[in-house]
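What follows is a short report on a single structure.
Computed from the coordinates by the stated procedures, all read-outs in this text should not be read as laboratory data. In this text, all values refer to a predicted model and were calculated from it rather than measured experimentally. Here the Cβ is made from the backbone with ideal geometry for all residues, glycine too, and neighbour counts use every protein chain on show.
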Amino acid sequence: MKCIKCSENAVISLYRHNAGFCKEHFTEYFHKQINKAAKDHKMFVKDDKVMVCVSGGKDSLVLWHILHSYGLDTTGMYVSLGIGEYSQKSKEKVRKFAEKHGLKAIIVDLEEKGHPIPMLASRTRRNACSVCGQVKRHYFNKVAFDEGFTVVATGHNLDDEAARLFGNVLRWDTAHLGKMSPNLPEDGDTMKRKVKPLMRLTEKEVAAYAFLHGIDYIPDECPMSKGASSLEYKKALNELESKMPGTKHFFYLEYFNLAADRFEIKEENKDKLKKCLKCGMDSYLDVCSFCRLMEKAE
Ligand code: SF4
Ligand SMILES: [Zn+2]
Ligand SMILES: [Zn+2]
């Protein structure tokens, strides 16, 4: 296949756009998608202090690389989950990336804090991913608040978000459908704005960008991800996509044009927010769900 822009040999073919691109024009396409997402959803404002949530995987490191290259003030934030070799290797990737680019990475180590994810999951008899999500959310919010970041950026891509939307629709989970926005506003005093600049790019496109631009990441999946429902949703969407290119893209991106406003969350509960008695973060109860989880595990 040839590049549709310059007729050089294509390094990637994107069936959903019925197009192939050489390295230069794929890079141009990639940046255009990020700029469009950022502009359409008003993701960044002047003088933003951006905290980039990084896992050592391709999506978050590509995102950090790009936001830094745009001249934004960025710091990485990594939560080491205490999942054996996977956590050690991914932490190393984050450290090396930060060092190479002269950037700062904040590292929260759950092993050092005495509550690695496998231990929390077994003590509370809960699914590792749901515990992990809750713990990561807490530390992302806490660090962003404590360190004065104005916005939190995550590397969720089109596949991640389409799978999440698909799962929420299958369950008609209206509360979570109301939180699908790639630019979630601040919540209370302690939860900063959250943005997803890679929302228009697929996993395959992000992996290609990382490869073409020499971004070193951990290719392994987290060993705890086996059996996760999100992987099943991705599989089902990929099957549809292979037969009908563009389905995933349309399903997710058109949600914001055609349906999202029906699920918008009403502001009426905001005045019920108080401060958690243990950690000081916003909570609807006296003690927030993270601190209750810690109490249960102890
Ligand atoms: S797969 Fe589950 S346990 Fe592993 S990082 Fe993701 S949410 Fe956490
Ligand atoms: Zn070209
Ligand atoms: Zn708390």
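Secondary structure note: in the chain, about 35% of the DSSP beta bridges are antiparallel.
Could you give the length gained by full extension between ASP146 and TRP172, i.e. 0.36 nm per residue of separation minus their alpha carbon distance, to one decimal place?
Values: separation 26, 0.36 × 26 = 9.36 nm, distance 3.53 nm.
Once the chain is fully extended between ASP146 and TRP172, it gains 5.8 nm.
With 0.36 nm allotted per residue and the present C-alpha distance subtracted, the LYS100-LYS235 stretch has 45.1 nm of extension available. The Rg/Rh ratio for the chain, using Cα coordinates for both the radius of gyration and the Kirkwood hydrodynamic radius, is 0.96. Residues in segment 34-47 carry Karplus couplings, in order, of 5, 5, 5, 4, 5, 6, 4, 9, 6, 6, 10, 10, 3, 6 Hz; the curve used is 6.51 cos²θ - 1.76 cosθ + 1.60 with θ = phi - 60°, and Gly or Pro positions show x.
Summarising the label geometry, the points placed 7 Å from Cα in the beta-carbon direction at GLU264 and LYS113 lie 3.4 nm from one another. Of all aspartates and glutamates in the structure, those lying under 19 Å Cα to Cα from LYS91, and not within fewer than 8 positions of it along the same chain, are ASP59, GLU99, ASP109, GLU111, GLU112, ASP216, ASP220, GLU221.
For the pair SER242 and SER289, label points projected 7 Å from Cα toward Cβ lie 3.5 nm apart.
For segment 194-204, putting each phi into the Karplus relation 6.51 cos²θ - 1.76 cosθ + 1.60 with θ = phi - 60° gives couplings of 10, 10, 10, x, 8, 4, 9, 10, 7, 4, 4 Hz, in residue order, rounded to whole numbers and with x for Gly and Pro. Phi angles across segment 118-130 convert, under the Karplus curve 6.51 cos²θ - 1.76 cosθ + 1.60 with θ = phi - 60°, into 3J(HN,Hα) values of x, 5, 4, 5, 6, 5, 9, 6, 10, 5, 4, 5, 6 Hz, Gly and Pro given as x. Cross-link list LYS42/LYS243; LYS194/LYS234; LYS100/LYS296; LYS42/LYS278; LYS192/LYS296; LYS100/LYS278: which exceed 32 angstrom alpha carbon to alpha carbon? Check vs 32 Å cut-off fails for LYS42/LYS243; LYS100/LYS296; LYS42/LYS278; LYS100/LYS278.
In plain terms, the chain from ALA228 to ARG137 could stretch by 30.9 nm, reckoned as 0.36 nm per residue minus the Cα-Cα distance. With the charge dipole of segment 33-272 set up from +1 on Lys and Arg Cβ and -1 on Asp and Glu Cβ about the Cα centre, the Cα lying farthest toward the positive end among the listed residues LEU72, PRO197, PRO245 is that of PRO245.
In square nanometres and to one decimal, what's the mean projected area of the convex hull around the Cα atoms of segment 122-184?
Mean orientational projected area (segment 122-184, Cα hull): 5.6 nm².
Each peptide in 138-150, 8-20 receives the mean, over its residues, of other Cβ atoms within 10 Å, and ordering these scores from highest gives 138-150, 8-20. Each distinct pair of alpha carbons in segment 80-163 adds a 1/r term; the inverse of their mean, the Kirkwood radius, is 14.5 Å. Between amide H atoms placed 1.01 Å from N, distances below 5 Å from ALA153 occur with MET51, VAL52, CYS53, VAL195, all of them 5 or more places distant or on a separate chain.
Loop only by DSSP, 11 or fewer other Cβ within 10 Å of the Cβ. Give me the trypsin sites (Lys or Arg not before Pro) in segment 227-298 that pass, ordered by residue number.
On the way: sites: LYS234, LYS235, LYS243, LYS248, ARG262, LYS266, LYS270, LYS272, LYS274, LYS275, LYS278, ARG292, LYS296; in loops: LYS266, LYS278.
Answer in residue order: LYS266.
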